[in-house]
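What follows is a short report on a single structure.
The values are calculated or read from the model by the stated rules, or taken from the named source; none is laboratory data. Since the structure is predicted, the reported quantities are computational estimates derived from the model, not experimental observations. Cβ placement follows ideal geometry from the backbone for every residue including glycine, while neighbour counts extend to all protein chains displayed. When the accessible area is computed, the model is the full protein with side chains, heavy atoms only, and any ligands, DNA or RNA have been set aside. Shrake-Rupley method; radii C 1.70, N 1.55, O 1.52, S 1.80 Å.
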Amino acid sequence: MDNRIGMEIRNLRMKLGMSQENISSSVVSQSAISKIENGKYIPNIIVLEAIASKLGVPVDHFLTLSTSYNGEYIETTYEMIEQLSLHEEYEELNRLTAQLIDCGQAVEFPNWFKDYIRIHHLFSEYQCRKKDAQTTWMKLKCMAGCLPFEQSIQTKFHLYLGIIHSHMKTYSYSETLDYLQKSLASVEGIKGKNTYLHKKKLKNLYFVPKNNH
């Protein structure tokens, strides 16, 4: 396991004469910092931000130490994005995905993960009223041709298209329903701890009220 980040955290902490407890917070415990420094735990972006703040350096200081991330980092960050999405915490989702997009300029994230981040960033921009429905929908549609066949990505892709499409002035009930049906069908094939929550949310959205368009 690449432990350059953990080693740098320890070096900076010791130079500042700080203990692990000094740089712990509500985001990251002292025991977690110990595991990070010893290469037993890969911190996600939120944890790194909290540690960087305590050490007085930008989070990019750590992110540029490694050009790639292992599966554990991807998994924990993916799980964080899922939870923010499911609980509709769009301001934090927008901030996190923007940070990850910036990181992706220097870090070799897998292509599917880059697409996953971009989809959530676009949708969070819409939810935070930084982009209108038409613009967001068109940008998502443009991604369709390059999207890898990952069920989790396909699910969110069609779900977000359906939600945004239902808010557009050129609203078409049949097309919106088609997006949501594809999303629900994709969830049926996913096994994981978030599957039930996804399915519950999708079924609540499935019955979109018709209008006269």
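Here are the numbers:
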quantity: Label-point separation, Glu92 to Gln105 (7 Å along Cα→Cβ), nm; calculated: 2.6
quantity: Highest to lowest packing among 158-169, 108-119, scored as the average C-beta count within 10 Å; calculated: 158-169, 108-119
quantity: Label-point gap, in nm, between Tyr171 and Ala185 - each point 7 angstrom along Cα→Cβ; calculated: 2.5
quantity: Probe 1.4 Å, protein heavy atoms only - accessible area per residue of the range 4-148 in square angstrom; calculated: 49
quantity: Relative packing of 17-23, 173-179, which averages over residues the other C-beta atoms within 10 Å, highest first; calculated: 173-179, 17-23
quantity: Burial order of peptide ranges 134-144, 95-105 (average beta-carbon count within 10 Å, highest first); calculated: 95-105, 134-144
quantity: Prolate/oblate/rounded label for the range 1-61 (Cα gyration tensor, a/c 1.5); calculated: rounded
quantity: The range 16-125, accessible surface, carbon-and-sulfur percent (1.4 angstrom probe); calculated: 48
quantity: Shape category assigned to the range 104-185 from the gyration tensor of Cα positions, a/c cut at 1.5; calculated: oblate
quantity: Scattering profile of the range 1-150 at q = 0.08 Å⁻¹ [log10 I(q)/I(0), Debye over alpha-carbon scatterers]; calculated: -0.25
quantity: Reachable aspartates and glutamates from Lys15, criterion Cα separation under 16 angstrom, eight or more residues apart if same chain; calculated: Glu37
quantity: Flagged links, alpha-carbon separation over 24 Å, of Lys130/Lys169; Lys54/Lys131; Lys54/Lys130; calculated: Lys54/Lys131; Lys54/Lys130
